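Only one structure is covered here, and it is reproduced in the block below.
The values are calculated or read from the model by the stated rules, or taken from the named source; none is laboratory data. What you see is a predicted model; the values in this text were computed from it and never measured. Cβ sites come from the backbone with ideal geometry, for glycine too, and all protein chains shown count toward neighbours.
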Amino acid sequence: MLRVVFIHDGRANYPSIGAFRELWRARLAIEEMTLEAAGKADLSDAICWYMMGFYPRKLPAALTVHDYKSLSLGRFSAFKDFLKFRFNAKPDLRILKQEIKATHSFRDDVPEVIQDIGVPDSILSYRQAVASAAEYDFCYIGAISRERRIHLMIDSFLSRFAQSKTLLMMGEVEPIVRERYRANTNIIFTGRLTQPALFENMNKCAAVACYFPNHFPHIVQTPTKLLEAAAIGSRILANEQPMNRVKASEFGMQVRWGEAADMFRDCPDQLDWADNRQFDPAPMLTSVMSSRSGLTGYIENVLATGALTSR
């Protein structure tokens with residue numbers, strides 16, 4: 001069976017890897033490695049698929065794919081992106097989001113696939129025809145960090161609702177954030193959860209709070225949790241943010257909008273605005289996106305012809 005080895009730094013979550021694994025598990029042997037581990041492994045018979053960081057040396061793999069679906073975060077992010085786009089080794093295929101291609105063009109002959117992040121096909125099994133009784137009022141899914149200025153969302157929630165409603169926070173929590181809200185018992189931190197557990201908990205909430213930072217690089221990133229909330233059929237409260245607006249309009253989601261930095265300010269007490277139970281998530285599925293972008297055809301061709309010839 002053909003091997004695909006995803007290489008990344010081991011720190012971030014990559015939901016697209018899980019979606020890819022789900023889509024191809026019957027036909028590809030899929031692994032994940034850090035760059036250090038990959039440097040010691042025999043990759044001569046594998047597709048080496050980098051979730052893009054700084055990789056100036058090309059490992060001796062049968063085929064190399066560079067996946068640019070996100071930009072760098074934190075201090076010196078622009079400089080880190082300059083290094084990635086200017087000095088990374090030349091792959092055999094690049095995968096790019098349209099927003100990234102628009103700002104970071106490559107001047108070589110490497111084939112490109114333009115594809116955004118989607119949602120796994122398995123998310124359809126979590127859709128409910130009728131919302132079950134809510135155990136929590138709101139939930140948030142994602143990194144709970146100072147870089148995301150997550151305190152803006154939590155402070156907005158507490159300013160509007162104080163202790164009268166609950167907010168379930170699902171994701172890895174920076175200790176300083178947890179400590180800041182230690183006395184607020186209606187702010188519940190779960191820590192990092194598996195994707196199925198995330199989806200199950202989303203269905204236990206009256207509404208999903210899709211807060212996406214309103215600063216670079218998030219203003220050109222894809223708000224994956226907004227996509228997941230709509231795909232499950234959730235009721236959504238989202239902050240005014242360029243990519244939140246773009247994706248909600250592109251796919252036709254039902255969303256209640258709040259201010260960029262004070263999203264709960266005008267939220268009503270009754271959490272009864274339109275949800276997304278009638279929303280069609282098909283265009284956001286990874287299988288559909290991969291077929292339309294040409295990525296499925298590329299992999300099918302490799303499988304059919306055994307075309308594992310690296311440049």
Answer yes if at least one residue in the stretch 207-214 is within 23 Å of the chain's Cα centre (by Cα), of a type in the set (A, V, I, L, M, F, W, C) and not in a strand (DSSP E or B), and no otherwise.
yes
Residues of the stretch 162-191 classified as within 24 Å of D269 (Cβ to Cβ) and exposed (fewer than 11 other Cβ atoms within 10 Å of the Cβ), total
5
Given (1) assigned to a helix (DSSP H, G or I); (2) among the β-branched types (V, I, T); (3) under 17 Å from the mean Cα position of the chain (by Cα), number of the condition I154 does not satisfy
(3)
Would you check which residues across the stretch 256-311 are buried (at least 19 other Cβ atoms within 10 Å of the Cβ) and small (G, A, S) and list them?
G258, S290
So S287 passes all but one of these: (1) at negative phi; (2) small (G, A, S); (3) modelled with pLDDT under 95. Which condition number does it fail?
(3)
Would you check if there is a residue in the stretch 221-237 being surrounded by fewer than 17 Cβ atoms within 10 Å (Cβ to Cβ) and not in a strand (DSSP E or B)?
no
Boolean, E200 is in a helix (DSSP H, G or I) and either surrounded by 23 or more Cβ atoms within 10 Å (Cβ to Cβ) or in the same structural domain as K97 (by TED's automatic domain parsing) (or both)
no
Out of the residues in the stretch 254-293 that are among the small types (G, A, S) and touching a residue at least 40 places away in the same chain (Cβ under 8 Å), which is nearest to E240 (Cα to Cα)?
A260
Lone unmet requirement of (1) modelled with pLDDT of 95 or more; (2) buried (at least 16 other Cβ atoms within 10 Å of the Cβ); (3) in contact with an Asp or Glu (Cβ under 8 Å, 6 or more places away or on another chain) for N244
(3)
Cβ-Cβ distance below 6 Å, separation of 6 or more or different chains: which pairs start in the stretch 135-161 with a residue that is in the same structural domain as K225 (by TED's automatic domain parsing) and at positive phi and end on one that is surrounded by 18 or more Cβ atoms within 10 Å (Cβ to Cβ) and in a strand (DSSP E or B)?
G142/G171
